[in-house]
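Written below as C-alpha cells is the structure these notes are about.
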Amino acid sequence: MDCTCMELALEGERLCKAGDCRTGVQFFEAAVNSGTDDLKTLSAIYSQLGNAYFYLQEFGKALEYHKHDLNLARTLGDRVGEAKASGNLGNTLKVLGKFDEAIVCCLRHLDLSRELKDRIGEARALYNLGNVYHAKGKHTGRSGNQDPGEFPPEVKDCLVKAAEYYEANLNIVQELGDRAAQGRACGNLGNTHYLLGNFSQAIIYHQERLAIAREFGDKAAERRAYSNLGNAHIFLGEFEVAAEHYRKTLQIAKQLGDKALEAQACYSLGNTYTLLKDYEKAIEFHMKHLKIAQELDDRVGEGRACWSLGNAHTALGRNEEAIRYASKHLEISKEIGDETGQVTAQMNLADLKTVLGISSSTDTDHRPNLHDQLDLGMYRRTGVSRRHSMERMELMKLTPDKKGELPPSHGGARPKIPKVQKSMTVASETIIPKSQSVETLSPEDDGFFDLLSKFQGRRIDEQRCSLVPGEKNGLEKSENKENEESKPKMASTPDSENFLDMIAGIQGSRMNDQRASLPQFPGLNSQAVINQYLRQRNVQDVPDDNFFEMLMRCQGARIDDQRSSLPHNRQAPTVPDEDFFSLIQKVQSSRLDGQRTCLPDNEDGLPVQPTPGKKKKK
C-alpha cells in the first residue's frame, strides 16, 4: 500500500514514542525516500531521525540528520528550529568526543534562546554546556592518575566552567518550578564538585539529589545518589558512613534486579571494609563480587576481585591463599593486556614467595624489568642481576666454511653477501687466514656487476636537468637544439594519449575536491521549493559571524574523523568508579613502601654499592 511522506513520518513518530525506535527509524527513512515539498515536515523528520539514531547510539547518522536540520532551518530563517538543531548537534558532538565543536553549537543554542526570550531553551542550553565542559574535563583528566582535587589546571578550568553553567541552569529551573530538572542539576553539581575536590559541597548537592529522587520514586537516581555519597565520604576519611551508604546502594541494586550494579556495590563495600581493616567482611563482599563477575564474564572485574582478595588474605597471614589469588590476577592481567595489573601481580607473587621461603628457577621472572614495561618511580631498585641469557651466548663463526662462496646471479636477483664481509666491521680482533681474505672473481660475477652498474647509472640520470629553450643564453640554446636533433622523436600513440588523459583526470579531481556545493536535502522533491522560499523572504538574512564560526568548527571535524584513536580500555561492568579504585591502590601500596630501605650515602654523596658475599661491619 502506497503511503504519503506525512503518513510514514507520523507512524515513525508513534513507534519511537512507544519505545520501538528501530522500527520507527525504518518508517522515517521510508518517509525520506517518499519525498515531500513541505520543508517544515522535512525539518521535523530530520530532527526526529537524528534523535532516534542518537537513542540507538548510531551517532554518525544522528550527526548527519541534525546537520541537515540545522541547514534547513537556516535556509528557512527559522530561529526556533535553528536553536533546537544547534542544541541537538552539540549533544551529538559531545558524545563523539568533539568537545570544542560541541561548545560552539551549544553557545549558539544559548544565544538564540536568549534572543527569543525562551527560558526553557536557555535552561537546556546551560545544562548542555555544563555537560560538555564536564565531559571534556573528565576526558582530559583520564590521561593521568590524579585523584579528585589533584587535576592539572586545564582540567580544573573545564570543571569550574561546568559548575558555573550548572548553577545558572539550577537558578532558572528553580524559577520555573521544575523539580525533576533541579534533581538533575544537583546531581551533576555534586559530581563536578567531587572531581574538584570539594567533597563537603558535593555531599550537600548529592543529599538534595537524594531527596528529589525519593520524592519522585526514582530508584535508579536514588541508587546513584547513595553511591556518590559513599565516594565523597571515602575521600573525607569517614569510612563507616561510606559503608552505610554503600549498603543502601546494594539493597536498591537488588530491588532493581541488576547484577552488575549489585557487583559494583559489593566491590565498594569490600574496599571500604579493607580500609576499616575488617578483612573478614572485605573477603565476604569481594567473593560476592568475584562470583557475579564470573557470571557476567567480566574479566577486568574478576581480576580486580582477585587482586583485592589476595591483599585481604595477605593481611590475615593466609599467604597460600594470597598466592593463589595473585597467580589468578597475573593470569587475567596477561589475558586482557593490563600491564599495570601484571606488574602488581608479579611483585606480589615475588614478595609472597620470599615470605614463604619458596625458591624456584622462575622466581626472577616474577620481578619484571620496570623500565621496559612501566616507568613507576616508587618501584626503583638497585643491584639488578645480569640476565642469564647473556652468559649462555656463544660467539658466531666469523669465517665461512668454503672459500669464495659467492652464489651466481639468477635472473638479476641480488646475491647474498658472505658473513665474513658483514662481520669484518665488528670483529677487529679476529685473525682471518690470508688465503681466505682474498677472493677471486669468476666470470659468473660479471652479470652482477652489469646489474649493479645499471642501477647506479639511473642515479646519474636522475641528477641531470634538461634546459628549457628561451630561458638560457644563446650558447646553451644551440647546444640544446643539437641535443634535441640527435634524439629520436617520440611518436604519439593511443596508449600514451590515454595515459595522459588519466593523469589529467586524477589531477583535475583535486580541483573538484576544493569546490563548494549547495546543501542537498534528502527527501526534498524539488530544489525549486528552496529558491521559492528564498524569493519570498524580503529581508536579506545574512548569517552572522557566530554561525559561520560554528559551521567552520563542524567542518573542521572532518579532519579529526580521519585520525586514529588509542584503543579503548576494556569495559568492566562490575567495577564502579576508577577514582575509588585508585584510592584503594594508593592505600594498599603503602605496605610496599614500608618494606623498602635506602642505602647510606658515602662521603662523595653517592650510594654505597654492596659487596657480594660480605657483610658490612658496624
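The values are calculated or read from the model by the stated rules, or taken from the named source; none is laboratory data. The structure displayed is predicted, hence computed values, not measured ones. Virtual Cβ from ideal backbone geometry, glycine too; neighbours counted across all protein chains shown. The accessibility values were calculated without ligands, DNA or RNA, using every heavy atom of the protein model including side chains. Shrake-Rupley method; radii C 1.70, N 1.55, O 1.52, S 1.80 Å.
Let's see how each residue does on (1) in a helix (DSSP H, G or I); (2) among the aliphatic types (A, V, I, L, M); (3) open to solvent by less than 60 Å² (accessible area, probe 1.4 Å):
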site: Val241; (1), (2), (3): yes, yes, no
site: Glu244; (1), (2), (3): yes, no, no
site: Ile252; (1), (2), (3): yes, yes, yes
site: Glu262; (1), (2), (3): yes, no, yes
site: Glu280; (1), (2), (3): yes, no, no
site: Lys291; (1), (2), (3): yes, no, no
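For segment 144-174, how many residues meet the condition of being closer than 11 Å to Leu195 by Cα, among the polar types (S, T, N, Q) and in contact (Cβ under 8 Å) with a residue 12 or more places away in the chain? Summing the residues that are closer than 11 Å to Leu195 by Cα, among the polar types (S, T, N, Q) and in contact (Cβ under 8 Å) with a residue 12 or more places away in the chain in segment 144-174 gives 0.
Of all residues in segment 297-340, exactly one satisfies the criterion of being farther than 15 Å from Thr274 by Cα, open to solvent by 50 Å² or more (accessible area, probe 1.4 Å) and in contact with an Asp or Glu (Cβ under 9 Å, 6 or more places away or on another chain), namely Lys328. Let me confirm something: among Leu195, Leu189, Leu176, which residue is surrounded by fewer than 20 Cβ atoms within 10 Å (Cβ to Cβ) and of a type in the set (A, V, I, L, M)? Sole residue among the options that is surrounded by fewer than 20 Cβ atoms within 10 Å (Cβ to Cβ) and of a type in the set (A, V, I, L, M): Leu176. Kindly establish whether Thr274 is buried (at least 23 other Cβ atoms within 10 Å of the Cβ), touching a Lys or Arg at 6+ places or on another chain (Cβ under 7 Å) and in a helix (DSSP H, G or I). Here the answer is no, as Thr274 does not meet what is asked. Reported count of residues in segment 310-346, each being not hydrophobic (A, V, I, L, M, F, W, C) and not in a helix (DSSP H, G or I), is 4.
Is it true that Leu210 is open to solvent by less than 30 Å² (accessible area, probe 1.4 Å), in a helix (DSSP H, G or I), of a type in the set (A, V, I, L, M) and free of Cβ contacts under 8 Å to residues at least 24 places away in the same chain? Answer is yes for this residue. Could you look through segment 1-44, keep only residues that are touching a residue at least 24 places away in the same chain (Cβ under 8 Å), aliphatic (A, V, I, L, M) and in contact with a Phe, Trp or Tyr (Cβ under 7 Å, 6 or more places away or on another chain), and pick out the one that is most open to solvent (accessible area, probe 1.4 Å)? Looking at residues that are touching a residue at least 24 places away in the same chain (Cβ under 8 Å), aliphatic (A, V, I, L, M) and in contact with a Phe, Trp or Tyr (Cβ under 7 Å, 6 or more places away or on another chain), I get Leu8.
Sort out which residues of segment 102-136 are without any contact (Cβ under 8 Å) to a residue 24 or more places away in the chain, open to solvent by 60 Å² or more (accessible area, probe 1.4 Å) and touching a helix residue (DSSP H, G or I) at 6+ places or on another chain (Cβ under 7 Å), and write them in order of number. Arg114 - this is the single residue of segment 102-136 that is without any contact (Cβ under 8 Å) to a residue 24 or more places away in the chain, open to solvent by 60 Å² or more (accessible area, probe 1.4 Å) and touching a helix residue (DSSP H, G or I) at 6+ places or on another chain (Cβ under 7 Å).
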